[in-house]
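One structure below.
No lab work stands behind these numbers, since they all come straight from the coordinates. Remember, it's a predicted structure, so these values are computed and weren't measured experimentally. Neighbour counts run over all protein chains shown; Cβ positions are idealised from the backbone, glycine included.
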C-alpha cells in the first residue's frame, strides 16, 4: 500500500520562530522576505513561515537588540529593510541553540523509553 504524501510542516513550534530567524540572519544580512525564504530553503521547503508571524517577530527581535536593520535595495530594485545579527543576537543564538539541543535530546530520550525499561 502506498504511503500518503507527507504534508509540509506549516506550524513552527511555539517559541522557535525567534531562534530560526536568528539562525537565518546569522548566515548573512537579509530583508524580511529573504529571512522567510532562507528558513524555507534550509528546511528543504518543509517549514513554511507565515508573513503575519515573521514581521512581528523581526520587530520584536530588533526592539530587544538581537538584530539591527538598515534600509537598502532588494534584488528587484525596491527599498527593503535588511536585518543583521548584533553581538547580543549572536550570544542569544548560542544560548537558545544550547537550550533547544538539551530539550530535544531530553524529549528524544523520553520518546525512546519502552514499557520494559520502567
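Brief remarks on what is shown
- Value at 222 nm in deg cm²/dmol, rounded to 500, when DSSP H runs of n ≥ 4 in the chain each add -39,500 (n - 2.57): -16500 deg cm²/dmol
- Principal-axis tilt of helix 87-112 within the chain, Cα atoms, nearest 10 degrees: 20
- The distance linking the stretch 76-99 with the stretch 40-65 is 11 Å (Cα centroid to Cα centroid, whole angstrom).
- Ordering of 70-80, 45-55 by packing [mean C-beta count within 10 Å, highest first]: 45-55, 70-80
- Average Cα contact separation per residue, the chain, under 8 Å, 6 or more apart, as relative contact order %: 26
- Taking a ≥ b ≥ c as the square roots of the eigenvalues of the Cα gyration tensor, the chain is classed as oblate, since a/c reaches at least 1.5 and a/b does not exceed b/c.
- Of 106, 58, 17, the one that fluctuates the most in a GNM where the chain has Cα springs shorter than 10 Å: 106
- Rounded tilt (10° steps) of 32-42 against the dominant C-alpha axis of the chain: 30
- Sorting the segments 109-117, 27-35 by their mean number of nearby beta carbons within 10 angstrom, highest to lowest, gives 27-35, 109-117.
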